């Protein structure tokens with residue numbers, strides 16, 4: 001298991017990547033192990049955004065690695081190895097999700113079309129008639145006043161995971177790779193085939209939803 | 001050149017979250033984490049009202065210094081001395097001075113001689129203003145708005161005194177509120193600059209800048 | 001209203017916050033956001049809530065149970081490797 005401080009899958013320099021591919025083609029087990037350690041966690045996370053079931057996600061990841069090995073001779077290096085691996089994963093995960101009849105929540109089926117664009121309810125802000133139109137009517141509270149064991153506790157993390165599970169898949173992909181796995185924006189754009197702007201919009205919507213879910217959870221049982 | 005800088009408690013940059021080194025030690029923008037375009041930021045006297053925070057420091061800037069978006073940007077800076085006069089009490093006094101000016105702006109909107117006009121004119125502090133504004137009779141839309149700004153500003157003064165740790169925000173927002181109130185009362189954006197100039201003058205005098 | 005003293009409201013800030021955190025705003029935009037945060041505890045809290053949210057997301061990976069897949073993956077690799085060398 002990688003330390004959290006090390007972002008998964010920093011792109012190796014081109015020569016490192018060529019050497020890795022060559023080693024894989026030679027059947028070098030250490031090379032395969034290194035590759036799995038680099039990307040395995042992220043692959044699992046992304047698979048989970050397509051198929052809710054953890055066991056099914058593991059199978060999808062397993063199939064992805066096999067497809068990577070079977071296709072390694074044909075990998076031309078036009079994209080990075082990581083991008084290629086994640087494209088294989090996305091294809092397999094999508095196929096599997098359809099086959100599984102996708103037990104994902106309704107919101108996930110909507111893709112991004114379920115978004116109304118506003119990330120905070122309009123009624124949280126003053127309306128047109130007010131002298132402070134557009135300013136907070138019900139302002140967010142200061143979480144630094146919460147006890148640390150509440151904010152960083154297992155229950156709160158569970159709520160974060162729940163919130164991710166309700167996200168449309170493309171939002172979840174970006175959020176997981178960026179904020180859970182620590183990928184750079186450019187890496188996510190390349191792996192998922194997104195423009196910088198689209199990646200940022202997806203990230204924005206995803207983060208906003210998770211924040212809102214956390215706010216709801218933390219204010220429910222909060223004592224003054 | 002000499003300039004001014006607001007920091008959070010413990011010499012911490014409000015947006016970079018980075019702690020400034022000890023007095024006298026130069027900070028180069030490259031070390032400064034997430035600064036705007038890799039520059040050190042500071043205030044002229046005329047910028048102070050918009051950047052208020054817990055600590056006010058006299059700073060020295062080095063290298064090319066430019067004015068950008070209402071502040072100074074430089075390649076290097078160092079803290080020279082803490083301006084101790086900037087404390088929670090002075091923040092509250094600034095907030096109160098702004099609230100009284102918001103009242104003055106409201107008086108130009110309210111019907112001269114009306115009960116509300118007389119009640120607000122008679123106030124000499126924020127507590128009195130807040131009390132009057134909490135019990136307003138029906139007013140027309142313009143009067144209500146003008147009185148609303150006054151009441152908002154008065155409540156921020158009370159908030160600053162009730163919770164001194166929050167005083168910088170209350171002080172800063174009252175500078176903003178009175179600028180808004182004056183522009184509204186005179187229906188003239190130029191009033192904003194007038195209020196900000198008055199605020200800069202008040203700060204310069206009270207802080208000995 | 002003609003007296004548009006401030007350029008960004010709270011409702012606007014929450015929509016461009018990600019742009020700000022990603023460094024995608026131009027300097028003037030950044031300054032508008034920061035100038036607003038100075039006067040607005042609600043938005044200051046919102047920004048900190050967003051930072052906490054991002055921090056919590058980063059802690060999920062650490063909280064996940066260790067992969068049970070490694071043995072199966074190694075087995076799979078060795079079978080692939082064996083078949084490959086057999087095939088020439």
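Read the figures in this text as sums done on the coordinates, not as results from a lab. For clarity, every value in this text was computed on a predicted model and none was experimentally measured. Don't worry about glycine lacking a Cβ; one is built from the backbone with ideal geometry, like all the others, and counts go over all protein chains shown.
Here segment C:29-54 is scanned for amide nitrogen atoms under 16 Å from the site 7 Å beyond the Cα of residue A:122 along Cα-to-Cβ, giving none. Here r is the Cβ-Cβ distance between residue B:80 and residue A:162 and R0 is 45 Å; the resulting FRET efficiency, rounded to 0.05, is 0.30.
Stretching the chain fully between residue A:151 and residue A:130 yields a gain of 4.1 nm (0.36 nm per residue, less the alpha carbon separation). With no solvent and one equal point scatterer placed on each C-alpha of the protein assembly as shown, evaluate the Debye formula and give log10 I(q)/I(0) for q = 0.05 Å⁻¹, two decimals. With one equal scatterer per Cα and no solvent, log10 I(q)/I(0) is -0.28.
Principal axis extents of the C-alpha atoms in segment C:10-87 (largest first, rounded to whole Å): 70, 27, 16. Computed from Cα atoms, the angle from the helix B:190-207 axis to the main principal axis of chain B rounds to 60 degrees.
For segment B:2-82, what is the convex hull (Cα atoms) projected area averaged across all directions, in square nanometres? If you can, show how the numbers build up before the last one.
Details: hull surface 18.0 nm².
For segment B:2-82, the mean projected area of the Cα convex hull comes to 4.5 nm².
Taken over segment A:106-220, the convex hull of the Cα atoms encloses 138 Å³ per residue.
To the nearest 10 degrees, how steep is helix B:141-162 against the longest Cα principal axis of chain B, on a 0 to 90 scale? Computed tilt is about 50 degrees. Size descriptors for chain B: radius of gyration and Dmax over Cα atoms are 19.0, 60 Å. Only helices enter the 222 nm calculation for chain B: every DSSP H run of n ≥ 4 contributes -39,500 (n - 2.57), and dividing by all residues gives -15000 deg cm²/dmol, rounded to 500.
Give me the percent of Cα-Cα pairs in segment B:88-207 that sit more than 26 Å apart, rounded to a whole number. Above the 26 Å cut-off, segment B:88-207 has 14 percent of its Cα pairs. Computed from the C-beta positions of residue A:14 and residue A:100, the FRET efficiency with R₀ = 35 Å rounds to 0.40. Distance between the pseudo-spin-label points of residue C:86 and residue B:112 (7 Å out from Cα toward the beta carbon): 10.5 nm.
Can you give the angle from 0 to 90° between the axis of helix B:88-107 and the longest principal axis of chain B, with both taken from C-alpha atoms, to the nearest 10? The angle comes out at about 40 degrees.
To one decimal place, what Kirkwood hydrodynamic radius in Å is obtained for segment A:14-99 from all pairs of distinct Cα atoms?
Working: mean 1/r = 0.0761 Å⁻¹.
Answer for segment A:14-99: a Kirkwood hydrodynamic radius of 13.1 Å.
Using 0.36 nm per residue of separation minus the Cα-Cα distance, give me the extension gain between residue B:138 and residue B:64 in nm, one decimal.
Working: separation 74, 0.36 × 74 = 26.64 nm, distance 5.60 nm.
Here the segment from residue B:138 to residue B:64 would lengthen by 21.0 nm.
A Förster radius of 60 Å combined with the Cβ-Cβ distance from residue B:125 to residue A:54 puts the calculated FRET efficiency at roughly 0.40.
Counts of other chain beta carbons within 10 angstrom of each beta carbon in peptide A:38-47 average 2.
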